[in-house]
Structure formats: C-alpha cells, structure tokens
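Student: Let me give you the structure first, and then I'll get to my questions.
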Ligand SMILES: [Zn+2]
C-alpha cells in the first residue's frame with residue numbers, strides 16, 4: 001500500500017535529485033559525482049539501498065543541492081547514490097531480491113542483481129563508505145551495524161551519528177553466500193559503515209541525523225585528504241561508542257512461530273522471558289539483554305506465516321564486556 005502523501009514527497013525528492021545530480025563518470029544514473037579539486041579522498045554515501053528506508057533522502061538531496069550552490073564545501077571526491085529508488089516508489093524493501101545481499105560475484109538476473117553490478121564500480125573506488133539505512137520497526141536509538149575493524153571504529157567514532165554499534169568479529173560474515181554494500185567496500189580494504197537512522201520512513205529526526213552524519217563525514221574526510229593520520233586524532237577527541245553484539249538468534253524454523261505484539265528494537269528483556277505470542281511455539285530469551293530486529297511478517301488466517309518467511313524471527317544482543325579493540329584485534 002502506497003499512500004498519496006508518501007508518493008508525492010518521494011517523487012518531489014527524486015525530481016530534485018535528478019535535476020541536481022552531475023554524473024559523467026558512472027553507467028548508473030541515480031548517482032551524483034562531485035570533485036572538490038583540493039584532494040583525491042573519495043567519499044561514497046548510499047541511500048535507499050532498501051527501498052522503503054527513505055528517511056535519508058531529504059538530507060542527501062540537500063547535500064547535492066548544497067554542494068552545487070556552494071553552500072556546502074568539500075575538497076575531495078564524493079559519490080552519492082540512490083540504491084533502489086524503484087523499490088522506494090513501491091514503498092517496499094526490494095522488488096525481486098534484497099539489494100543489500102547481492103554484491104556477490106554472480107548476482108541473480110533481476111532488477112536488484114543488475115543494480116548491484118551498476119553500483120559495484122562506485123563502491124570499489126570508495127576511500128570510505130557510509131550507507132544510510134532505517135529499521136523496519138520502531139527503535140529507541142540510532143545505531144551503527146557492521147563488523148568491528150580498527151579503521152571502521154575510527155571513522156564511526158569521528159563521525160558520531162550514533163552512540164551504539166551493533167558489531168561482531170570481522171571474520172563472521174553477515175550471512176554465507178551474500179554480500180552487503182558495506183561488506184563489499186571492506187573486501188576492497190576500505191572502511192564501510194552502515195548507520196541505522198531510526199525507524200523507516202520520512203521524519204525530521206531521520207533527516208537531521210543523516211544531515212549531521214554526512215556533514216561530519218565530509219569534515220573528517222577533508223582532514224583525511226590532507227593527512228590520513230588526522231582521522232585517528234579526530235576519533236580520539238570524540239566519545240567512544242557503546243558496543244553490543246548478537247549472542248543469540250531464533251531461526252524461523254516453524255511456520256507457526258509468532259512474536260508477542262509490541263516488541264521494538266533494543267527493548268530490554270530478562271533471562272527466560274517469553275517473547276512468543278500466546279498459543280504459538282514458545283520462544284524464551286536465554287539471558288538478560290535486548291531484542292533486535294523482531295519480525296512481524298504477515299500470517300494466514302490459520303496462523304501460518306506467509307512465505308517467504310524471514311530467516312530469523314528475532315535477534316538478541318548484549319553489551320560487550322571487553323572492548324572489541326582488545327578482544328578482537
Ligand atoms: Zn536497510
């Protein structure tokens with residue numbers, strides 16, 4: 001279901017992006033390429049890789065317009081792309097395949113597989129990549145989510161943008177046989193950061209958070225363009241993040257599994273607490289912690305999940321008791 005106000009807002013933003021974008025270097029057209037001429041450092045910013053996560057779009061459009069007008073300054077190179085605006089128009093996460101899983105060697109032959117191929121050359125040339133996402137359900141905070149590495153830590157800390165980082169060991173792939181956009185950049189040896197701005201959709205909060213993160217990203221990148229060691233100093237001058245890791249996932253292995261209503265991201269739960277709906281297969285959390293990515297897919301009248309169901313029905317995160325810089329590097 002796509003409502004009229006959403007479509008009107010989206011179409012106006014896409015029109016402004018298309019009017020403002022300058023792109024003589026890429027085969028894909030929904031990307032703005034900018035060269036500030038003072039240094040070579042290449043920042044890449046991604047928006048709407050998941051189509052219905054549109055909250056960063058107003059900030060991204062303002063960025064492109066602001067650079068064109070000279071209201072914003074950046075000395076290096078910048079590419080800003082819209083990952084899946086076709087899915088944005090349908091107000092869905094994707095049309096045929098999740099774009100943020102198919103940055104692989106042989107993507108599926110479909111809209112998102114083709115798009116991944118168009119985006120790869122942009123990502124492969126990034127010196128740093130910030131991918132702006134939003135969560136499906138409500139969340140009490142913005143957060144970074146990507147595996148820990150020292151470079152990514154420096155950048156996330158220097159940028160700010162969120163206080164929490166949902167992280168994991170760099171050796172643990174997100175999911176076997178898939179590759180996210182940020183992961184693709186890390187495979188090329190450069191920091192790739194995913195920032196979840198808050199719950200999906202247009203909001204003043206998402207716009208402000210995206211605009212602040214982008215502005216700070218460009219400031220740090222200008223410093224890095226002049227002196228790569230500057231990122232370290234900027235990171236050390238900023239507060240550190242709080243780290244949480246996924247310690248348990250409930251796989252969606254029974255079609256009758258269903259969560260109790262009302263769970264949101266980072267909701268605190270206690271050991272043994274039942275988080276399944278009454279009369280459905282019991283799901284209890286193993287320890288004190290917080291739920292993440294609770295899923296409420298559609299169900300049939302007989303209580304079976306409508307396929308294709310998500311891989312996990314819920315994740316569970318806990319704070320790391322040792323700093324990942326000590327534990328994992
Ligand atoms: Zn997303």
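Student: What whole number of Å gives the distance from the Cα centroid of the stretch 77-144 to the Cα centroid of the stretch 299-329?
Tutor: Here the two parts' Cα centres lie 20 Å apart.
Student: If you don't mind, another one. Between residue 117 and residue 12, what's the calculated FRET efficiency when r is the beta-carbon distance and R0 is 25 Å? Round to 0.05.
Tutor: According to the calculation, E is roughly 0.30.
Student: For the stretch 157-223, what class follows from the C-alpha gyration tensor (a ≥ b ≥ c being the square roots of its eigenvalues): rounded when a/c is under 1.5, otherwise prolate if a/b is larger than b/c, else oblate?
Tutor: Here the stretch 157-223 falls in the oblate category.
Student: So what's the back-of-envelope 222 nm ellipticity for the chain, counting only DSSP H runs of four-plus at -39500 (n - 2.57) apiece and dividing by all residues, rounded to 500?
Tutor: Using -39500 (n - 2.57) per qualifying helix, the result is -9000 deg cm²/dmol.
Student: While we're on this one: Taking the Cα centre of each part, how many Å lie between the stretch 1-37 and the stretch 220-242?
Tutor: Between the Cα centres of the stretch 1-37 and the stretch 220-242 lies a distance of 30 Å.
Student: Measure nothing but the geometry: give the 0 to 90° angle between the long axis through the Cα atoms of 4-20 and the longest principal axis through the Cα atoms of the chain, rounded to 10°.
Tutor: 30 degrees
Student: I need 214, 136 ordered by Cβ neighbour count within 10 Å, fewest first.
Tutor: Arranged by neighbour count, lowest to highest, 214, 136 become 136, 214.
Student: Compute the helix-to-body angle for 150-159: its Cα long axis versus the longest principal axis of the chain, expressed 0 to 90° and rounded to tens.
Tutor: Approximately 80 degrees, to the nearest ten.
Student: A further question on this structure: Of the listed peptides 157-163, 309-315, what is their order by residue-averaged count of other C-beta atoms within 10 Å, with the highest listed first?
Tutor: Taking the mean over residues of other Cβ atoms within 10 Å, the ranking is 157-163, 309-315.
Student: Using Cα pairs under 8 angstrom and six or more residues apart, how large is the relative contact order of the stretch 1-141, in percent?
Tutor: 29 percent
Student: Can you sort 74, 6 from fewest to most other Cβ atoms within 10 Å of each residue's own Cβ?
Tutor: Ascending Cβ contact count within 10 Å gives the list 6, 74.
Student: Kindly work out what percent of the DSSP beta bridges joining two residues of the chain are antiparallel, to the nearest 5.
Tutor: Of all bridge pairs located within the chain, approximately 50 percent are antiparallel.
Student: Hey, another quick one. Please tell me the relative contact order of the chain in percent, rounded to the nearest whole number, where contacts are Cα pairs under 8 Å and at least six residues apart.
Tutor: 16 percent
Student: Kindly identify the stretch 269-329 as rounded, prolate or oblate by the Cα gyration tensor criterion: order the square roots of the eigenvalues as a ≥ b ≥ c, call it rounded if a/c is under 1.5, otherwise compare a/b with b/c, prolate if a/b is larger, else oblate.
Tutor: Here the stretch 269-329 falls in the oblate category.
Student: Tell me, 92, 300 in order of fewest to most beta-carbon neighbours within 10 Å?
Tutor: With the fewest neighbours first, 92, 300 line up as 300, 92.
Student: Please work out the Cα convex hull volume for the chain and give it in Å³ per residue.
Tutor: Hull volume over Cα atoms, normalised by residue count, gives 136 Å³.
Each value in this text was obtained by applying a stated rule to the coordinates, not by laboratory testing. Nothing here was measured: the structure is a model prediction, and the numbers come from that model. Note that each Cβ is placed from the backbone with ideal geometry, even for glycine, and that neighbours are counted across all protein chains shown.
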